[in-house]
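Following: one structure in C-alpha cells, then a few remarks.
The values are calculated or read from the model by the stated rules, or taken from the named source; none is laboratory data. Keep in mind it's a predicted model, so treat the numbers as computed, not measured. Cβ sites come from the backbone with ideal geometry, for glycine too, and all protein chains shown count toward neighbours. For accessibility, only protein heavy atoms count, side chains too; no ligands or nucleic acids. Shrake-Rupley method; radii C 1.70, N 1.55, O 1.52, S 1.80 Å.
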Amino acid sequence: MDPDAVKSTLSNLAFGNVLAAAARDYKKEVLANEKAQSSKHVNEEVDLDELMDDPELEKLHADRIAALKREVEKREAFKRQGHGEFREVNEGDFLGEVTRSEKVICHFYHKEFYRCKIMDKHLKTLAPRHVDTKFIKVDAENAPFFVSKLAIKTLPCVLLFSKGIAMDRLVGFQDLGTKDDFTTTRLENVLIKKGMLSKKKKEEDDEDAEYQESIRRSVRSSENLDSDSD
C-alpha cells in the first residue's frame, strides 16, 4: 500500500472526526441555551404569579385605594362647605361662612379698585389648589358693620380666619413687594408662612392632577353616553 495514500486517508478521517465533534458540541450548546431560556421564562412566570399573590403587595394596593377614597371623601366634604372656589358672600352670610370652616381667607374689596381686581385674580387661582381652606370675598360697600367691626381702613384687605377668629391680615400689597405685578406663587408662599395654606408636596400635586383627570374622564364618559342615547 502506498504510504502517502495511507497518510492522506488517516488525515481525512481525523479532519472528519474533528468536524463531527465540533458539530456535536455546537448542537449541545444550542440545546443548552434553549433549555436555559425556557427555564428563565418559566421562572419569570412563577415570579410574576408569586407577586400577584403576595399578601403584602395586596395590602399596599388596598391601603392606597383606601387613602385615595378618604381623600376624595374629604374633598367632597370641603366642597359641601363652599371650599374649592372663590365665592362672593353678603354681609348676612359672612359670620356663618367664617365660623363653619377651620381656615378662611376673606377679601374685603371695592368693585372700582384696580388692586382689588388683581387680588381677586390670584385668590381665584389659589382656591381650587387648596381645597382645605375656604376662599371668599365681601363687597366692603355693602358690609359697613363688619368693615367697622374689623377696623378695615385700606383696600384690598385680606383677612385670615382660623376657627372663626381673625388671626392676621394682608393690607394692600405691603406683604407682596408693594407692586402690582406680584405672582400668584408669591401670594401663596405668604399665606403658607402665615399658616393659612398647606405646603403641597410633589406627590400631592400628582394626586391632584390624577384626581382632576379622573373627573374629566368621568365627565367625558357621561357626555358620550348622553350623545349615544340621543
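Which order do the peptides 187-198, 144-155 come out in when sorted by mean C-beta neighbours inside 10 angstrom, highest first? Walk me through the numbers on the way to the answer.
Values: 187-198: 16.9, 144-155: 13.1.
Packing order, densest peptide first, comes out as 187-198, 144-155.
Amide H contacts of LYS103 (H built 1.01 Å from N, in plane; Pro and chain starts excluded): LYS134, LYS163 sit under 5 Å, all sequence-distant by 5 or more or on other chains. Phi angles across segment 125-136 convert, under the Karplus curve 6.51 cos²θ - 1.76 cosθ + 1.60 with θ = phi - 60°, into 3J(HN,Hα) values of 6, 6, 3, x, 6, 10, 5, 6, 10, 8, 10, 9 Hz, Gly and Pro given as x. Along the Cα-to-C-beta direction of SER198, a point sits 7 Å from the Cα; which residues of segment 81-98 have their amide N less than 17 Å from that point? What the label zone holds, given the 17 Å backbone N cut-off, is 81-85.
Karplus-based coupling profile of segment 162-176, in residue order and whole Hz: 10, 6, x, 10, 6, 8, 6, 7, 10, 9, x, 10, 4, 8, 10, with θ = phi - 60° in 6.51 cos²θ - 1.76 cosθ + 1.60 and x standing for Gly or Pro. Return the carbon/sulfur percentage of the accessible area of segment 82-194, one whole number, probe 1.4 Å, all protein chains in place. Of the solvent-accessible surface of segment 82-194, carbon and sulfur hold 49 percent. Amide H contacts of GLU88 (H built 1.01 Å from N, in plane; Pro and chain starts excluded): LYS137 sit under 5 Å, all sequence-distant by 5 or more or on other chains. Taking amide H as placed 1.01 Å from N in the peptide plane, HIS130 has no amide H partner under 5 Å among residues 5 or more places away or on another chain.
What is the sum of charges around PHE86, taking Lys and Arg as +1, Asp and Glu as -1, for the other residues whose C-beta is under 12 Å from the C-beta of PHE86? Value of the local net charge: +3.
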